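Step one of this worksheet: look at the structure below.
The values are calculated or read from the model by the stated rules, or taken from the named source; none is laboratory data. Since the structure is predicted, the reported quantities are computational estimates derived from the model, not experimental observations. Positions of Cβ are generated from backbone atoms using ideal geometry, with glycine treated the same way; all protein chains shown enter the neighbour counts. We work out accessible area using only protein heavy atoms, side chains counted, and drop any ligands, DNA or RNA first. Shrake-Rupley method; radii C 1.70, N 1.55, O 1.52, S 1.80 Å.
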Amino acid sequence: MRCHRFKCLLAFVCFVSVTWIKSVHRDAVPPVMQTLYKRLLAAEERGVEVNRNLSSILEQLRNLSKAETLNSTKQPTGDPGQQIHLQPNIYFYMPHLRRHSDSLVPNVVLGQGRRGVSMVLGVPTVKRSKQSYLVSTLQSLLFNLSPSQRQDLLIIVFVAEVDSDYVNSIAQAVSKNFPTDVQSGLLEVVSPSQFYYPDFSNLTETLGDSKERVKWRTKQNLDFSFLMLYAKDKGTYYVQLEDDVVAKKGYYNAMKTFADQEASKPWIYLEFSHLGFIGKMFRTRDLAMITDFFLMFHRDKPIDWLLDHILWVKVCNPEKDAKHCAAQKASLKQRYKPSLFQHVGLHSSLPGKLQPLKDKDFGKQTLYFPHINPPAALNSSLQHYQQHSLQRAYRGEDFFWALTPVKGDYIIIQFPQPIHITGFLFRSGNTENFGDKMDNTTVEVLPSNGSTQDKESERYTRVGEFVDGVATGTIEDVLQPVSALRLVVHSNSDVWTVMSEIHIKV
């Protein structure tokens with residue numbers, strides 16, 4: 001407005017001045033006035049130029065104002081460094097998200113921003129009124145992974161709650177139990193914005209479900225959708241799990257190999273468990289389409305039914321029978337057998353609901369890993385439980401299960417004759433007793449060429465220690481050949497101990 005007034009005033013002054021000067025005879029005009037006349041002519045020309053520039057500026061301002069008006073009707077963007085990548089349709093399905101610019105910004109409590117992995121595992125968890133299975137589930141997923149597998153995997157724990165105290169308590173539990181995996185970026189803990197969830201009080205009761213169940217399944221649809229959208233740019237494959245499952249040994253290689261074998265086929269998902277939504281693998285490039293469908297109907301049906309409807313929409317012909325439809329849908333999903341994940345939780349996340357679901361294809365879980373070890377005499381201060389003796393574990397017939405270790409407890413493996421040992425592996429805990437691990441325990445060897453003047457107990461050399469329940473390593477040539485190998489406990493434990501794998505490599 002100021003620019004417009006200035007333009008008008010300048011034009012008026014120039015017009016009046018030039019008109020007055022032109023009306024006076026030139027000979028009668030003093031030299032000073034002639035000079036002023038020339039300056040005013042120049043000013044008039046300059047005024048024309050300024051007028052053009054001001055008009056251009058005003059037009060630009062009008063265009064900018066229109067652009068801002070249009071942008072104000074679009075979805076908020078939040079922090080571009082944290083905003084999960086979403087298709088705009090989510091604001092049609094969940095219009096309440098427009099009210100807060102950060103309603104779709106994930107709260108990353110723990111994480112190193114790992115990307116580019118082969119596989120992303122999504123583990124949603126909620127506050128349960130009874131027992132929590134999350135730590136056991138993570139222990140099962142991490143058990144027996146190789147270093148290379150740990151680098152090519154990302155596990156996202158999605159805490160589907162807006163209670164910051166509870167979210168932080170989960171993060172603390174994960175940090176306490178898996179510090180190395182959190183530090184490396186293998187484990188992340190994420191929660192949604194407090195503005196993500198809609199008002200669940202006005203949901204329509206459908207399918208004969210109670211209002212509480214409709215709310216539960218609707219929230220679950222939104223939880224899984226948020227997690228999928230957060231994960232879709234972090235790896236090649238995404239696997240949906242739950243927080244109360246146990247994984248079979250070798251699950252990572254089995255899934256990756258099967259996915260690569262089926263890569264040329266037009267599947268929407270691969271099944272690694274027959275139950276519900278557990279163990280369903282998707283290509284991350286398909287997650288935008290899949291979540292768009294979930295969000296569109298998030299109020300209407302449970303998520304596993306919606307997943308089946310995606311297949312129906314893709315390939316079923318309404319003019320043909322159900323048998324033809326089933327055959328067509330089968331082409332978009334491939335089943336791996338035996339199942340790699342078993343549901344172990346009894347108490348559902350829906351309050352009051354018991355869910356004793358078991359996958360019959362899962363089979364019996366392996367609780368120990370047998371090896372052929374060199375002959376040796378075994379001695380231990382640890383008292384074994386029932387038939388789970390150290391001797392049977394060493395022969396590869398069972399796992400060693402001992403009562404609570406205390407400082408000074410030991411296991412000694414004495415060889416009849418000194419032998420060359422290339423390496424060793426001791427693994428504690430198993431898939432049913434994750435927490436029964438060796439802690440603050442060292443591995444020591446007794447060289448046969450050591451000084452005989454020292455006491456035997458003082459001639460042992462430390463060659464390794466237990467980290468996250470596993471001790472593995474090699475033995476230097478200077479310590480060869482070896483007469484004995486010893487494990488020594490250096491502090492009291494709070495739990496029993498399981499030795500599920502003993503391997504003396506020769």
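Looking only at the stretch 379-390, count every residue that is surrounded by fewer than 17 Cβ atoms within 10 Å (Cβ to Cβ) and not in a loop (DSSP other than H, G, I, E, B) and tell me the total. Even if it seems obvious, please write down each step before you answer.
In the first step, residues of the stretch 379-390 are kept if they are surrounded by fewer than 17 Cβ atoms within 10 Å (Cβ to Cβ); the result is 379, 381, 383, 385-387.
Pick out the ones that are also not in a loop (DSSP other than H, G, I, E, B) and you get 379.
Number satisfying all stated conditions: 1.
Search the stretch 185-204 for residues being assigned to a loop (DSSP other than H, G, I, E, B) and exposed (fewer than 12 other Cβ atoms within 10 Å of the Cβ), and hand back the single one that is modelled with the lowest pLDDT. Talk me through it step by step, then tell me what you get.
Applying the first criterion (assigned to a loop (DSSP other than H, G, I, E, B)) to the stretch 185-204 yields 185-186, 192-199, 203-204.
With the extra rule that they be exposed (fewer than 12 other Cβ atoms within 10 Å of the Cβ), the set shrinks to 199, 204.
Details: Asp199: 88, Thr204: 84.
Per the criteria, the residue is Thr204.
Evaluate the stretch 305-314: report whether one residue or more is part of a helix (DSSP H, G or I), closer than 26 Å to Tyr133 by Cα and either open to solvent by 50 Å² or more (accessible area, probe 1.4 Å) or without any contact (Cβ under 8 Å) to a residue 24 or more places away in the chain (or both).
At the first step, the residues of the stretch 305-314 found to be part of a helix (DSSP H, G or I) are 305-314.
Then drop every residue that is not closer than 26 Å to Tyr133 by Cα, which leaves 305, 307.
Adding the requirement that they be either open to solvent by 50 Å² or more (accessible area, probe 1.4 Å) or without any contact (Cβ under 8 Å) to a residue 24 or more places away in the chain (or both) leaves 305.
Yes, that holds for at least one residue.
Identify the residue in the stretch 279-302 that is open to solvent by less than 20 Å² (accessible area, probe 1.4 Å) and either at pLDDT below 90 or aromatic (Phe, Trp, Tyr) (or both) and, among all such residues, is nearest to Glu212 (Cα to Cα).
Among residues in the stretch 279-302 that are open to solvent by less than 20 Å² (accessible area, probe 1.4 Å) and either at pLDDT below 90 or aromatic (Phe, Trp, Tyr) (or both), the one nearest to Glu212 (Cα to Cα) is His298.
Mind listing whichever residues of the stretch 459-477 are free of Cβ contacts under 8 Å to residues at least 24 places away in the same chain and over 15 Å from Ile412 (Cα atoms)?
Glu476, Asp477
Report, ordered by the first and then the second residue, all pairs with beta carbons closer than 8 Å, sequence separation of six or more or different chains, a first member in the stretch 263-287 that is on the phi > 0 side of the Ramachandran plot and in contact (Cβ under 8 Å) with a residue 24 or more places away in the chain, and a second member that is open to solvent by less than 10 Å² (accessible area, probe 1.4 Å) and part of a loop (DSSP other than H, G, I, E, B).
Filtered contacts from the stretch 263-287: Gly279/Leu241; Gly279/Phe272; Gly279/Ser273; Gly279/Ser339; Gly279/Leu340.
Which residues, counting only those in the stretch 127-174, are among the aliphatic types (A, V, I, L, M), surrounded by fewer than 18 Cβ atoms within 10 Å (Cβ to Cβ) and assigned to a loop (DSSP other than H, G, I, E, B)?
Across the stretch 127-174, the qualifying residue is only Val162.
I need a count of the residues in the stretch 394-451 that are within 32 Å of the chain's Cα centre (by Cα), part of a loop (DSSP other than H, G, I, E, B) and surrounded by 15 or more Cβ atoms within 10 Å (Cβ to Cβ).
Final tally of qualifying residues: 11.
Being in contact with a Phe, Trp or Tyr (Cβ under 8 Å, 6 or more places away or on another chain), open to solvent by 20 Å² or more (accessible area, probe 1.4 Å), within 25 Å of Arg150 (Cβ to Cβ) and assigned to a helix (DSSP H, G or I) is the filter here, so list the residues in the stretch 218-253 that pass it.
Tyr230
Would you confirm, using the coordinates I've provided, whether Ala263 is crowded, with 17+ Cβ neighbours inside 10 Å, under 18 Å from Arg335 (Cβ atoms), modelled with pLDDT of 90 or more and hydrophobic (A, V, I, L, M, F, W, C)? Give the steps one after another, and end with the answer.
Numbers: crowded, with 17+ Cβ neighbours inside 10 Å: no; under 18 Å from Arg335 (Cβ atoms): yes; modelled with pLDDT of 90 or more: yes; hydrophobic (A, V, I, L, M, F, W, C): yes.
Criteria not met by Ala263.
Which members of the stretch 305-340 meet the condition of being under 16 Å from Asp286 (Cβ atoms) and touching a Phe, Trp or Tyr at 6+ places or on another chain (Cβ under 6 Å)?
Leu306, Ile310, Leu332, Lys333, Gln334
Under 19 Å from Arg128 (Cβ atoms) and at pLDDT below 70 - does that describe any residue in the stretch 360-367? Please lay out each step first, then the result.
Applying the first criterion (under 19 Å from Arg128 (Cβ atoms)) to the stretch 360-367 yields none.
For the stretch 360-367, residues under 19 Å from Arg128 (Cβ atoms) and at pLDDT below 70: absent.
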